[in-house]
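See below for the structure under consideration.
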Amino acid sequence: MANASDSTWSLNVSSNEELEQFKDRYDLECPVCEKVLIKTQIFQCQNGHLLCSECIDNPRIKLCPTCRVELDKERKTRCLFAEKIARDLPQPCRYEENGCPEKALIQGSNHEKSCIYRAIPSCPANDSACRAKVLFKDIAKHIQEVHENDTVRKKGSSCSSTVNVKNQHFEGNHSWYSGALETGQPEGRIFFDTVMFRDGIMYFWLNVNCTPEEAKQIEYTMALDGKDGNTMTVTYKAVSVDEKKEDVIRNASQCLMLPVSLVKNQFWDRSKENMKFNIDIKRSATKRPSTSSTPRPGCSKMAPKSVRKS
């Protein structure tokens, strides 16, 4: 069997109708689950009949459904030529189940990276408590309909926020959320500030409703008011809502990281049980985050209003 990498075969399909005719002609469908053999490894029995990777691994399927020959599960055989054909076929968006109408994406398309029907890892307004599946296109609608009483919405490219933190919140692991800051620059963006306490460290970053690549073009500056009258100013790039919270805090270059002891001693108002900061957002080509005062910075972008415990 020819290696797929050696093949010079190419495909030119211009319509969904032609695509369906081509799939029928070459039997690019698993005879067991009836799924079209795209975006998967393709296997074959000793007589060349095709199966998908899930069905070949199914212990209940012991015979080829087409010719009834026994399947050798120990030495599974890939059909590289069929995989080559499948890779060249226009394919539906992976978010088709969420409603995306794109049915014929060509290989190398960047559509899926910015598809508005993609689901984000977690609700940006109330990560810990809200378990809803939120599509990118529905972020603003979800915030308005579900978290209207939990968030404070502001407009502009800058804002002042107060984080209400009780003494017991410094102990253990806690997540915080805030309101939504809608900006005219960049157009149509909504920012969410995120505050987390984990294992004696406070993490702070700014989420924005865009792709990771677009987030790299947005910069924010945060000024954290100190109890002695001094201000710590840090500058970072925003973090896309597509990124998982756990990945952000593992990456020291994506969020501000301060020891809880420092936060309590220099920035936390014990009598009012809060911290105050100012956020300013702008587009920037800056390569690295910077800080004008103490510890480890590292976040992306953030924006917000008042933060509440989730």
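We did not get these values from a lab; they are worked out from the coordinates using the rules stated. All values derive from a computational prediction rather than experimental measurement. Here the Cβ positions follow ideal geometry from the backbone for every residue, glycine too, while neighbour counts run over all protein chains shown.
Quick look at the numbers
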{"item": "Extension gain, Glu112 back to Asn230 (0.36 nm per residue minus Cα-Cα distance, nm)", "result": "37.9 nm"}
{"item": "Förster-model FRET efficiency, 41 Å R0, Arg60 and Arg198, C-beta, rounded to 0.05", "result": "0.40"}
{"item": "Chain lengthening between Lys244 and Asp72 when straightened (0.36 nm per residue, less Cα-Cα)", "result": "57.9 nm"}
{"item": "Fewest-first sequence of Val195, Val239 by Cβ atoms within 10 Å of each Cβ", "result": "Val195, Val239"}
{"item": "Extended-chain gain in nm, criterion 0.36 nm per residue less alpha-carbon gap, Lys103 and Asn265", "result": "52.6 nm"}
{"item": "Built amide H within the under 5 Å cut-off of Glu29, gap 5+", "result": "Leu37"}
